Amino acid sequence: MDPELEAFIPLFPRANLTDPAADRKSFAELAAAVPPPDTAGMDIEDRTVPADPDVPVRIYRPHQARGGAVVWLHGGGFVMGDVDTEHPWATRIADSSGVVVVSVGYRLAPEHPFPAALDDAYAVLTWTAEHAAELGIDPERIAVGGHSAGGGLAAAVALRARDQQGPPIRFQLLNQPGLDDRQETWSARNFTDTPWMNRDKITAAWRHYLGSQPATPYAAPARATDLSGLPPAYVATAELCPNRDENIDYAQRLLQAGVSVELHQWPGTFHGSQAILSAEVSQRQIAELAAVLRRALAE
């Protein structure tokens, strides 16, 4: 493990998703402890997207925005997180990329199991495309992206938009995404004691998210048999992450289906370790996410 990251492991809370309310509180405290980002170069606005029910969003408009936008979906195992916990990352991505970030406060499991979060994310994608002129963006340059569970949701939104002839998506940015409830890969089976995210915690996340329903490709995108016609993708994996191998498999299957893919496997990292901003590798990860978006959404 990267020694800069290893020093922080004792400080991570041991959230195991058995008590969603307590885990959300710990997650919020962890996000609040992150150094506040510089927001001087952008306008930030909280809005509500009309849907059933309405979906809260936080919109980040860099003063130097060039017309691209990303519908951004936070992590948290489908159980934790909101626009406030994602604020440090959404701000940094908007600032470094020059892309308008629409951060989505989707409904959380287990109170709202699948497809609630996906419906919310898709509603925001549709709204963003329909309100492109108001938002100052190009409707042909909209991406979807996210961390962890949010990355899985982004992949699912891309599948649904393809299948339902929804708004065109230029790009999908999948950072350590949760894609496969079956947990049959080597990393999913063997990473039982890795920091922050391990096999048991992922099992609990999928149990909360799926509820009593069987997993479909829109819940677990790795189950999709046809990945052709999807937007180009950037897939990032962490070496010591249970999701690692399903992410690599998904990237390979996208390539085999004719989808252009950039795959980056970050050595010495664990799931979510990009949040440790003092570590050089974390700074590189955040910078790369922004650079990838800037390049993908360029005119």
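Just so it is clear, none of the values below were taken in a lab; they were calculated from the coordinates. This structure is a prediction, so every number in the text was calculated from the model and none was measured. Cβ atoms come from the backbone with ideal geometry, glycine included; neighbour counts cover every protein chain shown.
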**Report entry** Difference of contour (0.36 nm per residue) and Cα-Cα distance, R295 to R66
**Finding:** 81.3 nm
Query raised in the report: Extension gain H131-E6, at 0.36 nm per residue separation less the Cα-Cα distance, in nm?
Result: 40.6 nm
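Among DSSP bridges having both ends in the chain, what percentage is antiparallel? Round to the nearest 5.
Once the DSSP bridges in the chain are tallied, antiparallel ones form about 30 percent.
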Query - Difference of contour (0.36 nm per residue) and Cα-Cα distance, D163 to A32 - result: 43.3 nm
**Report entry** Over the chain: helical MRE at 222 nm, DSSP H runs n ≥ 4 each giving -39500 (n - 2.57), nearest 500
**Finding:** -11000 deg cm²/dmol
Query - the chain: most fluctuating residue of F191, F12, F27 per GNM, C-alpha cutoff 10 Å - result: F12
Query raised in the report: Taking only the alpha-carbon positions of the stretch 3-296 and ignoring solvent, what does the Debye formula give for the base-10 log of I(q)/I(0) at q = 0.09, 0.10, 0.15 Å⁻¹?
Result: -0.37, -0.46, -1.14
Query raised in the report: Which residue, Q164, Q256, Q183, tops the fluctuation ranking in a GNM of the chain built on C-alpha contacts under 10 Å?
Result: Q164
Report task. Averaging sequence separations of C-alpha pairs under 8 Å and six or more residues apart, then dividing by the length of the chain, give the relative contact order as a whole percent. Result -> 19
Query raised in the report: Using DSSP loop states and a limit of at most 14 other Cβ atoms within 10 Å to flag trypsin sites (Lys or Arg not before Pro), what is the longest stretch of the chain containing no flagged site?
Result: 15-181
